[in-house]
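Below is one structure, written out as structure tokens; comments come after it.
Rule-based calculations on the coordinates, nothing more; no lab input. Computed from a prediction, not measured in an experiment: that's the story for all the values here. As a convention, Cβ positions derive from the backbone with ideal geometry for all residues, glycine included, and neighbour counts pool all protein chains shown.
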Amino acid sequence: MNKKGQAFEMLGFIILAVAFIIVFTLLKTASTKGYVSTIKELYEIQEGEGFRAGINAILQTTEKRTGKSMIELLGIAAQLGNDTIYFGPTIGNINVTSELKKRFDAIYGEYHWYFKIPFELPPQKDIQIVVVADVSGSMCDDVYEFKNVPQIIDTLRAQGKSVSMRLFLLPGQLRCCPPIGIITCASFPSTEYFDCVTLNAAKCNLKGSTDEDWGNGLACAIEEGPKGGWNNYSIKIGIPLSDELPGSSDNCPKSPSSQQYQSLQNGINAAKNIGMYVFPFKAVTGKECCPSCNCGYSPGCGICYSGGNVFTKEQCLCDETLEYYMSKIANETGGEMIKLKDASEIVEKISGIVGSINITGIPYLEAGYPIPNEKNIRSVTFAIPTPSKEFLEFDAYQWS
Amino acid sequence: MKGQLSYVIKPIMLVVTIILVIFFTFSLYSSTIEEKRKEKSLDLTAMATNTLLILANSEDCLAYQSKTTQGAYANIISIEKIEEFSEIYKEEEPECARSFDFGWRVNISEISLDGKVAKSWSFGAKDFSYNKKEEINFWMPVAIRYDSKDIRLGKMQIKIVYGELESIAGFFDMVCKTKTSKKTEISLEDDVKIENNKICINNRCRKLYCNVTGINEIKRGEYILSASYSQGKIFVTK
């Protein structure tokens, strides 16, 4: 073998050796990678199981005041479509999101978790309306307008609003100009979603001119309730309809000690207790056509009273106080005072109120912190039962 | 000249070949050792999770058992059982979740809603090997049940250790519990002292389920140990 041949022989051997080392290194790397990946997967499975068990433990813990487990509270909140649950005057409100947040923060620490649960598809929310109508003589045209309301209720229902109404007439005899005559509950058609009831003065503890006492009347109507009773989850609307202060407009008092004010306050308290929005309808008082309120028996003001057109100075003078009363009850209950220019506006205004109610709540309950992109995220899904025996998916995420 | 070159190159090639063979062998060996180490580490992680899950979900361990349905509730542990375990198993693992390969100790804390530890309990092995081969700490949330309307938040933490003391004690405990005869190959880095049902390495001791007879010391080294159960005791020979 010459020198060149020996060099090639050596080079060949070196190439072979290098090739061996490369192949061996590659095989070993691949094997190690595969093994490490298997270990990682198994480790993640173990961690996932631990996380699932942990979330289950958190959901099983009880809330101190109610003694109910978090899983139970979540189910109730999801069904109500509200994360705040009212448990009566002794316990009060329980905020489920806040309770869960405390527990997740205590276990996983801040900025390391997130959860979400969709609310149960809300059943179509009922809108229950009670109207308390002043039946003093000047209210004739306004009350008579309610003959058109059953039809508009049906129209609104056809448009997807689950609305019903009960008209409460304060006790009294509403004598109207011809051809209407006397108005009683029998003057109105009764349908599945509209009916009329006359309040009893003694039972309702009405004061002053009982046919005008719409403050105590509202409280009594709330107690009587709509046809079929109050639905716990409905949107409740109260509409006092009047052109006078509750119980009479004598002296237009604003003092809290006055009988009128106390009647108003009773109405406010009752409405607030039940979560009712009050939209008082202020009927025309005569001030609109006679700003000085000194128009005698002016037929031009067109207020029908006991069979004739009569201007009543007393209610004209109390126009501003009436606005004050009606604004107060509206403001305190989240409603709005509606100033009627004419009785014919009643139907339109009722449609407007019902149309403006948004019954879509928040679609889900969530809490926690934004899920980071770069982290290894553990996740778990639980089925949460609701009181209506539905199951909703509760998704929880956690990262280091 | 030609002969001289061949005379130099051939021994070089021989040396290179030997070096390559040694490299391959060593690589294979170290790779196997590394894989075994990782396997043990994974075993330990799995063991930690499993032990916590058994403790929290087994009626024989801490799981709350309904008196009416006789069923256990997932991850709800009973305050009575926690107190009982922390009293009875101060120095050893409870049998319901004993591992014959590892040693562990559990610490349970009741966590208040502001994240502070309100109360704590612990049970399991009192001591661990001085020279630990592997150690893992793992935790899991639990619900601590005082009564049906009072279930509080808690954390269950486990320290799980693999070492010579745990390994040899596990072998003796397994023979004792299964009431059989077994053999095992052990490699000891330190001397082992045995006195009745107590086994110690480097002054770290564990309590055994049975008394050991036939041997009271095993010097460091490699052995095949034989153990057989008889009348509540185990007889050990090297």
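Which one of B:122, B:33, B:142 is farthest out on the positive end of the charge dipole of chain B, using unit charges on Cβ (Lys, Arg +1; Asp, Glu -1) and the Cα centre as origin?
Checked the options; the winner is B:33.
Say we join alpha carbon atoms closer than 10 Å with springs in a Gaussian network model of chain A; which of A:364, A:111, A:43 then has the biggest fluctuation?
In this elastic network of chain A, the residue with the biggest mean-square fluctuation among A:364, A:111, A:43 is A:43.
For a quick check: sort A:340, A:245 by the number of other beta carbons within 10 angstrom, fewest at the front.
In increasing order of surrounding Cβ atoms, one gets A:340, A:245.
As a footprinting exposure proxy, order A:258, A:136 by other Cβ within 10 Å, with the fewest listed first.
So the ranking, lowest neighbour count to highest, is A:258, A:136.
Test of the criteria: in region A:369-400, which trypsin sites (Lys or Arg not before Pro) are in a DSSP loop and have at most 14 other Cβ atoms within 10 angstrom of their Cβ?
Loop-located and lightly packed - A:375, A:389.
Grab the beta carbon distance between residue A:45 and residue A:90, set R0 = 41 Å, and tell me the FRET efficiency rounded to 0.05.
Calculated value: 0.35.
Based on the Cα gyration tensor of region A:144-221, what are the three equivalent ellipsoid semi-axes, each the root of five times an eigenvalue, rounded to whole Å and given largest first?
25, 17, 9
What nm distance separates the two modelled labels at residue A:357 and residue B:8, each placed 7 Å from Cα along Cα→Cβ?
With each label point 7 Å from Cα toward Cβ, the separation is 10.5 nm.
In degrees between 0 and 90, to the nearest 10, how far off the longest principal axis of chain A does helix A:214-224 point, with axes built from Cα atoms?
60
Which value, in debye to the nearest 20, gives the size of the charge dipole of region B:165-206 about its Cα centre, when Lys and Arg are +1 and Asp and Glu are -1 at the Cβ?
300
How big is the Kirkwood radius of region A:174-297, worked out from every pair of different alpha carbons and given in Å to one decimal?
16.2
Which of the trypsin sites (Lys or Arg not before Pro) across region B:34-135 are loop residues per DSSP, with 14 or fewer other Cβ within 10 Å?
Passing both the DSSP loop test and the Cβ count: B:67, B:90, B:116.
Taking the alpha-carbon distance from residue A:101 and a cut-off under 19 Å, which lysines remain once sequence neighbours fewer than 8 residues away in the same chain are dropped?
A:64, A:68, A:116, B:116, B:155
Among A:234, A:355, A:119, whose Cα projects farthest towards the positive end of the dipole of chain A, with charges put on the beta-carbon of Lys, Arg (+1) and Asp, Glu (-1)?
A:119
In a GNM of chain A with a 10 Å cut-off on Cα contacts, which of A:213, A:105, A:126 has the highest mean-square fluctuation?
A:105
Would you tally the net charge around residue B:62, using a Cβ to Cβ cut-off of less than 11 Å, leaving residue B:62 out, and scoring K and R as +1, D and E as -1?
Charge balance in the 11 Å sphere: -3.
Only four residue types carry charge here, +1 at the Cβ of Lys and Arg and -1 at the Cβ of Asp and Glu. Report the dipole size of the protein assembly as shown about the Cα centre in Debye, rounded to the nearest 20.
Rounded to the nearest 20 debye, it is 3240 debye.
What number, in percent, do you get for the relative contact order of region B:138-177 if the mean sequence gap of Cα pairs under 8 Å and at least 6 apart is divided by its residue count?
The normalised contact order for region B:138-177 reaches 32 percent.
Going by C-beta contacts inside 10 Å, put A:139, B:13 in order with the fewest on the left.
B:13, A:139
What does the helix-only formula give at 222 nm for chain A: each DSSP H stretch with n ≥ 4 adding -39500 (n - 2.57), the total divided by the residues, and the result rounded to the nearest 500 deg cm²/dmol?
Helix contribution divided over all residues of chain A: -13000 deg cm²/dmol.
Treat every Asp and Glu Cβ in region A:161-211 as -1 and every Lys and Arg Cβ as +1, leave all other atoms uncharged, and give the resulting dipole magnitude about the Cα centre to the nearest 20 debye.
140
At 7 Å along Cα-to-Cβ for each site, give me the label-to-label distance between residue B:186 and residue A:254 in nm.
9.6
Other chains near B:114-127: what is the mean number of their Cβ atoms within 10 Å of each residue's Cβ?
Averaged over the peptide's residues, the number is 1.
Under 19 Å from the 7 Å Cα→Cβ point of residue B:33, by amide nitrogen: which residues of region B:182-218?
B:186-190
Antiparallel as a % of all DSSP beta bridges within the protein assembly as shown, to the nearest 5?
DSSP beta bridges in the protein assembly as shown are roughly 70 percent antiparallel.
For region A:1-158, max minus min Cα coordinate along each principal axis, in Å, sorted largest first?
Largest first, region A:1-158 extends 136, 42, 20 Å along its Cα principal axes.
For every helix of n ≥ 4 consecutive DSSP H residues, a contribution of -39,500 (n - 2.57) applies; sum these over chain B, divide by its total residues, and give [θ] at 222 nm rounded to the nearest 500 deg cm²/dmol.
Computed ellipticity for chain B at 222 nm equals -12000 deg cm²/dmol.
Using the eigenvalues of the Cα gyration tensor, what equivalent ellipsoid semi-axes result for the protein assembly as shown when each is taken as the square root of five times the eigenvalue, whole Å, largest first?
They are 87, 33, 17 Å, listed largest first.
Which number comes out as Rg/Rh for chain B once both Rg and the Kirkwood Rh are worked out on C-alpha atoms?
Rg divided by Rh gives 1.20.
I'd like the mean, over residues of B:148-158, of how many other protein chain beta carbons sit within 10 Å of each residue's own Cβ.
Counting other chains' Cβ atoms within 10 Å and averaging over B:148-158 gives 4.
Across peptide A:43-50, what mean number of C-beta atoms from other chains lies inside 10 Å of a residue's C-beta?
Counting other chains' Cβ atoms within 10 Å and averaging over A:43-50 gives 5.
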